[in-house]
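The structure appears below as structure tokens.
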Amino acid sequence: MTRPPNPLIAQLAGELEPVRPLRMHHGLAQVAIATALTIAAIALWHGLWSGPTEGRAAATFFISNGLIALVGLASARVVVRMAAPRVGTRQDGLRWLLAALAILPVTAILLAVLEGTIARHHHAADGWHCFIAGTASSVAVAIVLVIWLRRGAPVSSRAAGFYTGVAAGALGSFAYGLSCPVDTIGHLGIWHVAPVAVSAALGRLAVPALIRW
């Protein structure tokens, strides 16, 4: 004798709707589009610095901005993966990359101390402008990653928030850094890395509440 169908199970099954699967390349593509739109907006609003294409940019410009962009991309990849958690996922490589990024401000401070310029930082006004603009430029990437996380089920909301802030801050700072003509290690190592640190702290505090079901 067959059992009659359970009405509760039938009701629950009737309310189910198909969900589009989370594919990693879709999330990364959205991050890339948000970054490209941010760069385009900065180009229209402020203009990009022509120094790199004219051969006037120092090596520190390419090293610093390249490392910041790499940290942003690696962090965004981690966040996209966190939306679909799996056993054994580690972020050791990204932690080493963040340690490498910390070399920039450490070098900037060390050189300032050795040169006796720690109390009279050059381009301080430009520095604050880059810090504020670079942090503000992180908004688009942050929104994309928060929406992506809300579609998934991250295991650690605090870690997801932290890496969301790192990714948004780094890619935002990189985007605005393309318009900055100050290419000294003292400027890049402090004022262009600071948005990453601040955004990471804000992400760890604010994002968990935004992605919690």
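The values are calculated or read from the model by the stated rules, or taken from the named source; none is laboratory data. Values in this document were obtained by computation on a predicted structure and should not be read as measured data. For accessibility, only protein heavy atoms count, side chains too; no ligands or nucleic acids. Shrake-Rupley method; radii C 1.70, N 1.55, O 1.52, S 1.80 Å.
Accessible area per residue (1.4 Å probe, heavy atoms of protein chains only) ranks L111, L98, L145, L202 as L202, L111, L98, L145, with the largest value leading. Convex hull volume of the Cα atoms of the range 127-213, normalised per residue: 71 Å³. Across the range 71-83, coupling constants 3J(HN,Hα) worked out from phi with the 6.51/-1.76/1.60 Karplus curve, θ = phi - 60°, read 4, x, 5, 5, 5, 4, 5, 5, 5, 4, 5, 5, 5 Hz, and Gly and Pro carry x.
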